[in-house]
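First the structure, in the form of structure tokens, and then the observations on it.
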Protein chains: 2
Amino acid sequence: MSEDIDAQRIDATRTVRAFAPGSVGNIGVGFDLLGHSIEGVRDVAIVRRIDEPQVRITAIRGDVPGADTLPLQAERNTAGQALIALRRKLGLAHGFELELEKGIPLGSGLGGSAASCVAALVAANALLDAPLPREALYEFALDGESVSSGSRHGDNVAPMLLGGVVMATATRMIALHVPAWLHAVVVHPDQMLETRRARAVLADPYPLSLVVEQNAHLALFLTGLQRGDAVLLREGLHDLLVEPRRAPLIPGFLEAKAAALDHGALGASISGAGPSTFAWFTSRGHAEAAAPAMQAAFAAAGYGSRAYVTPVAGPKAKVMGRA
Amino acid sequence: MSEDIDAQRIDATRTVRAFAPGSVGNIGVGFDLLGHSIEGVRDVAIVRRIDEPQVRITAIRGDVPGADTLPLQAERNTAGQALIALRRKLGLAHGFELELEKGIPLGSGLGGSAASCVAALVAANALLDAPLPREALYEFALDGESVSSGSRHGDNVAPMLLGGVVMATATRMIALHVPAWLHAVVVHPDQMLETRRARAVLADPYPLSLVVEQNAHLALFLTGLQRGDAVLLREGLHDLLVEPRRAPLIPGFLEAKAAALDHGALGASISGAGPSTFAWFTSRGHAEAAAPAMQAAFAAAGYGSRAYVTPVAGPKAKVMGRA
């Protein structure tokens, strides 16, 4: 994919900076399966190749609340754990020193822990004697993510690694076709929603009839993406399983979703475990017109917010240069 | 789609024969959503346009067991009910007289009731003053099917109407791309499995984790079909929801599936509500080699069977001529 860039190793220096974008996890109908990267918010990793056979984190900076609460202990940090897994699998003699600059708010549902992990991997990969293709970084990204979520879900790390909409299974990433006109609004309201609480409401099982209805939505959604067919996307982008249970945990969500649909959204739902809320539109213009209305809905519920307008075919993580 | 043929109305006569093929409902990962038509087994309808404003069934023939037990009363018969719905919706002044020649065994899981319904509709459509496109026949086919199944599932009628693999939602049919090399074996063992019993085992709900795993399979399956990628199809064609609960109701199924996989099948599962068992292969040659092994597995369990080898891009229902 981007071996062209990853392979730009600089012999003159042993330090590389890389960024990874935020992402919309789940995309409503693809719980723990689908995600897409977004413009406007990202984490940066600065990785230095060191002779000592270890991974150490020297600093976590960033003006997002809570950045200073993240663990510096490598094995307890998603980015640290990813580099530990990389070293172990490749049997590297050298180690890595890592700094993180957090740009993605913690607990936003925009994939902050995944982005640190992917940015660190992309930077470290560029420092290898034989850099790996993006696909090969996936397993290490899953190793890192599992520190944060307790399980291996690729719906955030995969779109960060490949860009755009990606299907992430336990073993592979598949980048999907995305029409260029497709744009998203992602609104992050100033709320905290614990992932644990967001997961707890999913404990009760689902009747087959509802699963079948959702399967139809997923199939319509995937076919709509592949054909660039807005009618199919509109029919498909409608989550019946997770959103109904999580919506009550996010004050203003239903109103923000309604505002998006009023402004012509193809569909809207919760990004990752929330509270961020996303909506898809057939053009950037439609998205830009809807964003203030979605923010106004959260404001009416008492919450300030930030809004991002982005192509659904968002960016992928990239090396930015050397320090 | 086949308006070319449907529109071949013959003024000289008011009787049309049409056939509809059998089908594999569900295709494992697409319960009540996906199906594909098959060669080798079909129902035929002979429809006569009559002046009386009614639908009547004059005969149901066929050498399949139980054909003589099917109801001649139009509103209790899938084909009869479909024509009643057609007359009502279009406000037709004339009626239809219908004969059915059953070729698809009852209770086989090969879509017999759906085929009678679709064959009757395709024949009746050719007798209309202004024949409808195939897409417009879908709702009447669902009306007919509901007489048999008690609910509106299009996973059998849709592939019969359009041919090949079709996604059937409550309101629309979407024909999917099917690679020409893809072939299926469908084995019908001499067992009776009541649809009611096959449905009863599906009553208990499913944990989200299993639903998510199945969603990944469905997404891999659909992407594999669209890209003609056998690796993705092999990963995707694996049902975790319905097959594990129904397999114990079909003696020999697990052994027949194992025989198919031993012969290189991409995957295998239950057709419709069973007991017919299907497997997909990358060529006709592979399918032909596997068919006897699948039949031997049922024979070892004490059941004779018939096997059909067919392109997955199977035929669609067609007018055969006039009586």
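Which value, in debye to the nearest 20, describes the size of the charge dipole of chain B about its Cα centre when Lys and Arg Cβ atoms bear +1, Asp and Glu Cβ atoms bear -1, and nothing else is charged?
Result for chain B is approximately 360 debye, rounded to the nearest 20.
Please give the charge dipole size of region B:182-244, origin at the Cα centre, charges +1 on K and R Cβ atoms and -1 on D and E Cβ atoms. Round to the nearest 20 debye.
140 debye
Hey, quick one: spin label on residue B:201, modelled 7 Å out along Cα-Cβ, who in region B:12-33 has an amide N within reach, i.e. under 15 Å?
B:28
With everything on Cα atoms, drop me the angle between helix A:134-149 and the longest principal axis of chain A, reported from 0 to 90° to the nearest 10.
The helix A:134-149 is inclined about 70 degrees to chain A.
If packing is taken as the average number of other Cβ atoms within 10 Å across a peptide's residues, how do B:133-140, B:153-160, B:46-53 rank, most packed first?
Per-residue mean Cβ counts within 10 Å order the peptides as B:153-160, B:133-140, B:46-53.
What's the extension gain from residue A:245 to residue A:306 if we count 0.36 nm per residue and subtract their Cα-Cα distance?
Stretched out fully, the residue A:245 to residue A:306 stretch lengthens by 19.6 nm.
Can you give the average number of partner chain beta-carbon atoms within 10 Å of each beta-carbon in peptide B:166-173, as a whole number?
Mean inter-chain Cβ contacts per residue within 10 Å come to 3.
Using 0.36 nm times the number of residues separating residue B:76 and residue B:258, minus their current alpha carbon distance, what extension gain do you get?
61.6 nm
Using only alpha carbon pairs under 8 Å that are at least six residues apart, calculate the relative contact order of region B:183-311 and give it in whole percent.
Over region B:183-311, the number comes to 39 percent.
What does the C-alpha gyration tensor say about the overall shape of the protein assembly as shown? Classify as rounded when a/c is under 1.5, otherwise prolate if a/b is larger than b/c, or oblate.
Cα axes put the protein assembly as shown in the prolate bin.
Taking +1 at the Cβ of each Lys and Arg and -1 at the Cβ of each Asp and Glu, which of B:310, B:142, B:130 sits farthest along the dipole of chain B towards its positive end, judged by Cα position relative to the Cα centre?
Selected residue: B:130.
Round to the nearest 10 and give me the degree value, 0 to 90, for the angle of helix A:112-126's Cα axis relative to the longest principal axis of chain A.
Orientation of helix A:112-126: about 40 degrees from the principal axis.
Work from the charge dipole of region B:183-311 (Cβ charges, +1 for Lys and Arg, -1 for Asp and Glu, about the Cα centre) and give the residue of B:296, B:260, B:189 farthest towards its positive end.
The residue sitting most towards the positive pole is B:189.
Using only alpha carbons, build the gyration tensor for region B:183-311 and give me the equivalent ellipsoid semi-axes, biggest first, whole Å.
In descending order the semi-axes read 23, 21, 10 Å.
Work out the mean other chain Cβ neighbour count within 10 Å for the residues of B:219-227 and drop it here as an integer.
Average neighbour count from other chains, rounded to a whole number: 5.
Okay, which of region B:40-77 sit inside 12 Å, backbone N to the point 7 Å along the Cα-Cβ direction of residue B:93?
Residues passing the 12 Å test: B:51-53.
Using a cut-off of 14 Å between beta-carbons, work out the net charge of the residues near residue A:64 (Lys and Arg +1, Asp and Glu -1, residue A:64 not included).
The answer is -1.
Given the peptides B:164-171, A:120-127, arrange them by the average over their residues of other C-beta atoms within 10 Å, most packed first.
In decreasing order of mean packing, B:164-171, A:120-127 become A:120-127, B:164-171.
Round to a whole angstrom and tell me the spacing of the C-alpha centers of region B:208-258 and region B:122-188.
Using only Cα atoms to place each centre, the spacing works out to 22 Å.
Tilt of helix A:284-300 relative to the longest C-alpha principal axis of chain A, in degrees (0 to 90, nearest 10)?
80 degrees
Summing -39500 (n - 2.57) over the DSSP H runs of n ≥ 4 in chain A and dividing by its residue number, what mean residue ellipticity at 222 nm do you reach, to the nearest 500 deg cm²/dmol?
-11000 deg cm²/dmol
When each copy gets a label point 7 Å from Cα toward the beta-carbon at residue B:129, what are the spacings between them in nm, shortest first?
8.5
Go through B:261-267, B:306-312, B:190-196, A:278-284 and give me the packing order, highest mean Cβ count within 10 Å leading.
Going from most to least packed, we get A:278-284, B:306-312, B:261-267, B:190-196.
Determine the relative contact order of chain A: mean sequence separation of Cα pairs under 8 Å and six or more apart, normalised by residue count, in whole percent.
That works out to 26 percent.
PRE reach from residue A:172 (point 7 Å along Cα→Cβ): which of region A:112-148 fall under 17 Å by backbone N?
A:133-140
Nothing charged except the Cβ atoms of Lys and Arg (+1) and of Asp and Glu (-1): what's the magnitude of the dipole of region A:183-311 about its Cα centre? Round to the nearest 20 debye.
So the magnitude is around 240 debye.
Residue A:75: net charge of surrounding residues, Cβ under 13 Å, Lys/Arg +1, Asp/Glu -1, itself excluded?
+3
All of the numbers you see were taken from the coordinates with simple rules; none came from a lab. Remember, it's a predicted structure, so these values are computed and weren't measured experimentally. A quick note on method: Cβ atoms are made from the backbone with ideal geometry, for glycine too, and the neighbour counts reach across all protein chains shown.
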